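Q: Can you keep this structure in mind? I'll have questions shortly.
The values are calculated or read from the model by the stated rules, or taken from the named source; none is laboratory data. Please read all numbers here as calculations on a predicted model, not as lab measurements. Glycine gets a Cβ as well: all are built from the backbone with ideal geometry, and neighbour counts include every protein chain shown. The area values use the complete protein model at the heavy-atom level, side chains included, leaving out ligands, DNA and RNA. Shrake-Rupley method; radii C 1.70, N 1.55, O 1.52, S 1.80 Å.
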Amino acid sequence: MATAAEQWVLVEMVQALYEAPAYHLILEGILILWIIRLLFSKTYKLQERSDLTVKEKEELIEEWQPEPLVPPISKDHPALNYNVVSGPPSHNIVVNGKKCVNFASFNFLGLLDNPRVKAAALASLKKYGVGTCGPRGFYGTFDVHLDLEDRLAKFMKTEEAIIYSYGFATIASAIPAYSKRGDIVFVDRAACFAIQKGLQASRSDIKLFQHNDMADLERLLKEQEMEDQKNPRKARVTRRFIVVEGLYMNTGTICPLPELVKLKYKYKARIFLEESLSFGVLGEYGRGVTEHFGISIDDIDLISANMENSLASIGGFCCGRSFVIDHQRLSGQGYCFSASLPPLLAAAAIEALNIMEENPGIFLVLKEKCARIHKALQGISGLKVVGESLSPAFHLQLTDSTGSRDKDVQLLQEIVKHCMDRSIALTQARYLEKEEKCLPPPSIRVVVTVEQTDEELERAAHTIKEVAQAVLL
């Protein structure tokens with residue numbers, strides 16, 4: 001019985017073989033041959049063994065040189081040659097033992113050495129100690145932190161604020177807290193390095209538009225709108241962000257915020273506004289670029305700024321709607337994993353806010369001083385002024401580059417050095433050249449503060465003109 005069944009199965013197999021299509025038989029034959037090859041072929045070849053003597057091995061080891069961990073750097077590199085400051089970097093600064101008028105530090109409102117600010121910091125130091133030794137979620141939240149967040153939110157007229165212990169980490173943490181892989185970020189080519197790091201951490205799709213060119217931005221937004229129409233399902237889950245600075249650190253120019261807000265609503269995007277340079281500078285009461293243009297704070301989805309310029313403290317903050325800010329308390333890396341801001345610096349920032357609110361005329365004084373030196377520096381042979389007349393930090397660039405970035409840097413450094421010899425402290429703008437997305441040209445950065453007198457502004461402009469003429473001509 002079993003034999004008959006086996007014969008029947010064999011007959012069926014032969015019959016199926018005859019009825020099968022030719023391509024099917026060819027494919028099966030190839031697969032069988034491939035299996036046979038895999039079974040009998042060697043997976044690797046044994047290399048011929050070469051026995052070395054002990055002496056030969058030692059010689060090979062002695063000759064071997066590892067790849068350098070970092071590229072070679074000249075000992076003359078500016079980053080390895082510090083200008084050592086003695087005392088507070090306020091109106092007058094002592095650099096390498098020489099007293100100069102400070103045109104390099106971002107102490108816009110002159111609060112760094114203010115007696116009231118120092119007294120508030122000292123009282124906090126005596127009460128809380130030096131640091132916090134823990135992030136905000138692990139016994140790192142002090143009552144003074146909550147007071148500062150409340151004061152910042154009220155000052156900026158937003159629902160809530162959150163503070164970070166490091167200014168650079170503020171926007172660099174805020175961006176990846178919201179923008180993720182697959183989201184799209186439209187960002188100005190002149191964006192500062194902190195924004196660039198935040199974008200890198202977000203792993204989002206980055207689209208760069210020309211600096212302050214709203215036509216170019218709209219072109220990119222239109223292109224994305226057309227792409228979204230081709231794939232509406234993907235478009236529904238893709239978030240779109242526009243990231244700009246109020247006053248650009250790398251150019252000293254102001255963003256066209258009214259046009260940006262129009263594009264935001266037209267193309268359904270969110271605006272992140274970085275105001276480290278414009279907070280405490282622009283607007284009647286120093287609230288930044290929104291107040292300067294009369295734009296409602298509710299039209300901006302997130303505002304960030306550091307407290308290391310106008311407030312003369314350390315750290316940074318973000319402000320906006322409560323549900324937006326609360327998300328950072330769960331996802332902002334710099335907030336969740338760094339030790340919180342030392343209480344003495346939070347107390348100093350609160351007192352600096354008090355002074356700003358009590359003296360709103362200080363912003364007009366700063367604006368007038370900026371316009372004065374901006375005008376005085378026009379027409380320098382070989383140098384051009386880059387930046388708005390209302391910006392307290394702007395740039396001096398070579399009118400005609402030598403064609404070599406290193407040579408341009410050397411020329412500008414000569415100007416800085418000779419100005420220092422004549423008691424005017426300036427600095428070159430520094431960049432991580434291999435890391436920058438769009439590397440700005442070399443420049444000297446000039447910083448204006450309310451403490452500088454009209455005579456000092458005129459003397460600085462006159463000194464820069466004379467030195468530039470001697471170095472460049």
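Q: Gap in Å between the Cα centre of region 269-314 and the Cα centre of region 145-191?
A: That distance is 11 Å.
Q: With axes computed from alpha carbons, what is the tilt in degrees of helix 343-358 against the longest principal axis of the chain, rounded to the nearest 10 within 0 to 90?
A: 50
Q: Give the carbon-plus-sulfur fraction of the accessible surface of region 115-358 in %, rounded to a whole number; probe 1.4 Å, heavy atoms of protein chains only.
A: The nonpolar share, carbon plus sulfur, comes to 55 percent.
Q: Can I ask one more? Which order do the peptides 198-204, 286-292, 77-83 take when ranked by the mean count of other beta-carbon atoms within 10 Å per residue, highest first?
A: The densest-packed peptide leads the list: 286-292, 198-204, 77-83.
Q: Filter the trypsin sites (Lys or Arg not before Pro) in region 418-473 down to the DSSP loop ones having no more than 13 other Cβ atoms within 10 Å, then list what survives.
A: On the way: sites: 422, 430, 434, 437, 445, 459, 465; in loops: 422, 430, 434, 437.
Sparse-neighbourhood loop trypsin sites (Lys or Arg not before Pro): 430, 434.
Q: For region 293-379, what ratio Rg/Rh do Cα atoms give with a Kirkwood hydrodynamic radius?
A: Details: Rg = 16.9 Å, Rh = 15.8 Å.
Answer for region 293-379: 1.07.
Q: Let me ask something additional. Taking θ = phi - 60°, what integer Hz values does the Karplus form 6.51 cos²θ - 1.76 cosθ + 1.60 yield along region 74-83, in sequence order, with x for Gly and Pro?
A: 5, 5, 8, 4, x, 5, 9, 10, 7, 8
Q: Now a separate question. Explain nothing, just the number: relative contact order of region 115-358, from Cα pairs under 8 Å at least 6 residues apart, as a whole percent.
A: Normalised by residue count, the contact order of region 115-358 is 32 percent.
Q: Mind ranking 431, 166 by accessible surface for me, highest first, 1.4 Å probe?
A: Greatest to least solvent exposure: 166, 431.
Q: A follow-up question, please. Per residue of region 248-260, what does 6.51 cos²θ - 1.76 cosθ + 1.60 with θ = phi - 60° give for ³J(HN,Hα)? Whole Hz please, x for Gly and Pro, Karplus curve as stated.
A: Ordered by residue, 3J(HN,Hα) equals 7, 4, 7, 10, x, 9, 9, 7, x, 4, x, 5, 5 Hz.
Q: Also: State the antiparallel share, in %, of DSSP beta bridges confined to the chain, rounding to the nearest 5.
A: 60
Q: Where both residues lie in region 115-358, what percent of DSSP beta bridges are antiparallel, nearest 5? Please list the in-between numbers first.
A: On the way: 10 of 27 bridges.
Given both bridge residues lie in region 115-358, the antiparallel proportion sits at roughly 35 percent.
Q: Here is a follow-up. I need the calculated FRET efficiency for the pair residue 154 and residue 327, taking r as the beta carbon distance and R₀ as 25 Å, to the nearest 0.05.
A: 0.75
Q: Let me ask something additional. Return the calculated 222 nm mean residue ellipticity for the chain, to the nearest 500 deg cm²/dmol, obtained by summing -39500 (n - 2.57) across DSSP H runs with n ≥ 4 and dividing by the residue count. Provide the component values of the computation, followed by the final result.
A: Working: 17 runs with 218 residues, N = 473.
Only helices count here, giving -14500 deg cm²/dmol.
Q: Further question on the same structure: Hey, of (1) 39.8; (2) 41.3; (3) 24.3, which did the structure itself give for mean projected area of the Cα convex hull in nm² when calculated?
A: (2)
Q: Roll a 1.4 Å probe over the protein chains and send me the accessible area per residue for the chain in Å².
A: I get 55 Å² per residue for the chain.
Q: Report, in degrees rounded to the nearest 10, the 0 to 90 angle that the Cα long axis of helix 214-230 makes with the longest principal axis of the chain.
A: Helix 214-230 sits roughly 30 degrees off the main axis of the chain.
Q: Moving on to the next point. Quote the accessible area belonging to residue 293 in square angstrom, nearest 10, computed with a 1.4 Å probe and with ligands, DNA and RNA left uncounted.
A: Per-residue accessible area (residue 293): approximately 70 Å².
Q: Can you figure out the FRET efficiency of residue 239 with residue 359, using R₀ = 30 Å and their beta-carbon distance, to the nearest 0.05?
A: Numbers: r = 41 Å, r/R0 = 1.35.
That gives a FRET efficiency of 0.15.
Q: Tabulate in residue order the Karplus-calculated ³J(HN,Hα) for region 95-109, using 6.51 cos²θ - 1.76 cosθ + 1.60 with θ = phi - 60°, rounded to whole Hz; enter x for Gly and Pro.
A: 10, 6, x, 10, 7, 9, 7, 7, 10, 10, 8, 7, 8, 3, 9
Q: What number, in percent, do you get for the relative contact order of the chain if the mean sequence gap of Cα pairs under 8 Å and at least 6 apart is divided by its residue count?
A: Relative contact order comes out at 19 percent.
Q: Anything over 23 Å Cα to Cα? Flag those among 207/262; 266/437; 407/434; 264/434; 154/266, in the order listed. It would help to have the intermediate numbers written out before the result.
A: Numbers: 207/262 19 Å; 266/437 28 Å; 407/434 18 Å; 264/434 32 Å; 154/266 30 Å.
Exceeds cut-off: 266/437; 264/434; 154/266.
Q: For residue 77 and residue 54, FRET efficiency with R0 = 51 Å and r from the beta-carbon atoms, rounded to 0.05?
A: Efficiency, from the Cβ-Cβ distance: 0.70.
Q: Right, next: When only DSSP loop residues count, what trypsin sites (Lys or Arg not before Pro) in region 74-182 have their Cβ near at most 15 other Cβ atoms within 10 Å?
A: Of the trypsin sites (Lys or Arg not before Pro), the ones in loops of region 74-182 whose Cβ has at most 15 other Cβ atoms within 10 Å are 75, 157, 180, 181.
Q: Let me ask another. Can you sort 34, 64 by solvent-accessible area, 1.4 Å probe, largest first?
A: 64, 34
Q: Separate question: Quick one: length gained pulling residue 435 to residue 34 fully straight, 0.36 nm per residue minus the C-alpha distance?
A: Fully extending the segment from residue 435 to residue 34 adds 139.4 nm.
Q: Return one number: the angle in degrees, 0 to 90 and rounded to the nearest 10, between the long axis of the Cα atoms of helix 405-421 and the longest principal axis of the Cα atoms of the chain.
A: 20
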